[in-house]
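To start, the structure under review is shown below, and the notes come after it.
A short reminder: the numbers here are calculations on the coordinates, not readings from a lab. Everything numeric in this text was worked out from a predicted model, so none of it was measured. As a convention, Cβ positions derive from the backbone with ideal geometry for all residues, glycine included, and neighbour counts pool all protein chains shown.
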Amino acid sequence: MDYRIGVDLGGTKMLLALATADEGEVIRTKKVFTKAAEGPQVILQHLIESIEEFLSKEGLSFNRLEGVGFCMAGFYDIRSSRIVSSPNLPGWEMFPLEKELKERLRLPVIIENDANAAAYGEYIFGAGRGKKNLVNITLGTGIGAGIIAEGKIYRGSGGFAGEIGHLNVLPNGPLCGCGRCGCLESLSSGSAIEREGRLLLAESFPLPGAARDVDAGLTASHVFAAARDGNKEAIKIVERAAYYLGLALSFLVNILNPELIIIGGGLANNGDALFDPVRRYLNEAAIGPSGEMVALVPAELGEEAGVRGILSLLDEFLKGR
């Protein structure tokens, strides 16, 4: 029996998944800290060492691998096989990722944007099973989206489709990490909600259930907890984030007419406190026929969506060689 590895590289951690080649079953996963500040060469070397250690603990040698699927956050140009840039990983500008991985691994390699891989994972194994047209939204520190159109990932002409986080929904709004103002990510992401929560603390508004000290680690979850406890200012923060997310989703519904919108990522763990207002604002903004046929549901695969998706894509690639 041979094996494959799926890798999901993020700004703080790498998730590795070991799967069998015949059944595609994930038999083990492992989280590894990403040395983000040290740049791509150090990160890739750390990745190789982590894969070797991962295999060793399973009693496997490197030559038992058939291939590696790799996904990461950032703008991956499918035409040049380069990372154009990655917002949470400094030093990756125009990095020749495919060339570097193939030279280091000496194995078949496929590369995908992490949002696309997560969408494909949910489409094959998760909340999107049985649907051919869907959008998978990842809500966390940032906001990403993967689009499945007629059962295929829609990448656009260069591979950059699905950047919902950088839809401008509030001209002259808060500064986004991309350098523009008013992007959805600057208004509805976990980091945006945290920012607004810290402003409340700075202005001496109590947040029940939240860290009283700004430096003690206030998170978006604290703001949601405060909203559930009835704090009016926290409720305003949640409603504002939900409004702009619902508005942005209505753009996707009006343009793409999907059957399903899946929401995953850390913020999705807040359940109805997030989904109910987002549904309300989506329904208000979407055109009738498209809005009426789309369902908004939580993701099912959690943090494994990306590696499950990239492993499925790797399987298709290897079978088609």
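Summary of values
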quantity	calculated
Integer Hz, Karplus 6.51/-1.76/1.60 couplings in order for the stretch 135-145, x for Gly and Pro	10, 10, 9, 10, 9, x, 4, x, 9, x, 8
Square roots of 5 times each gyration tensor eigenvalue, C-alpha, the chain, largest first, Å	34, 23, 18
Sorted largest first, extent of the stretch 262-311 alpha carbons per principal axis (Å)	37, 23, 12
Ranking of 150, 52, 194 by count of other Cβ atoms within 10 Å, fewest first	150, 52, 194
Reachable aspartates and glutamates, given that their alpha-carbon falls under 17 Å from the alpha-carbon of residue 131 and they are not under 8 places away in the same chain	122, 150, 259, 292, 300
For the stretch 3-114, average projected area of the Cα convex hull in nm²	6.3 nm²
Charge dipole (debye, nearest 20) of the chain; +1 at Cβ of Lys and Arg, -1 at Cβ of Asp and Glu	300 debye
Nearest-20 debye value, the stretch 3-114 charge dipole, Cβ charges on Lys, Arg, Asp, Glu	160 debye
Cβ-derived FRET efficiency at R0 35 Å, residue 300 paired with residue 170, nearest 0.05	0.65
Centroid-to-centroid separation of the stretch 1-77 and the stretch 106-131 [C-alpha atoms, Å]	15 Å
Over 26 Å between alpha carbons, listed pairs 30/102; 13/99; 31/319; 35/57; 13/236; 102/319	31/319; 13/236
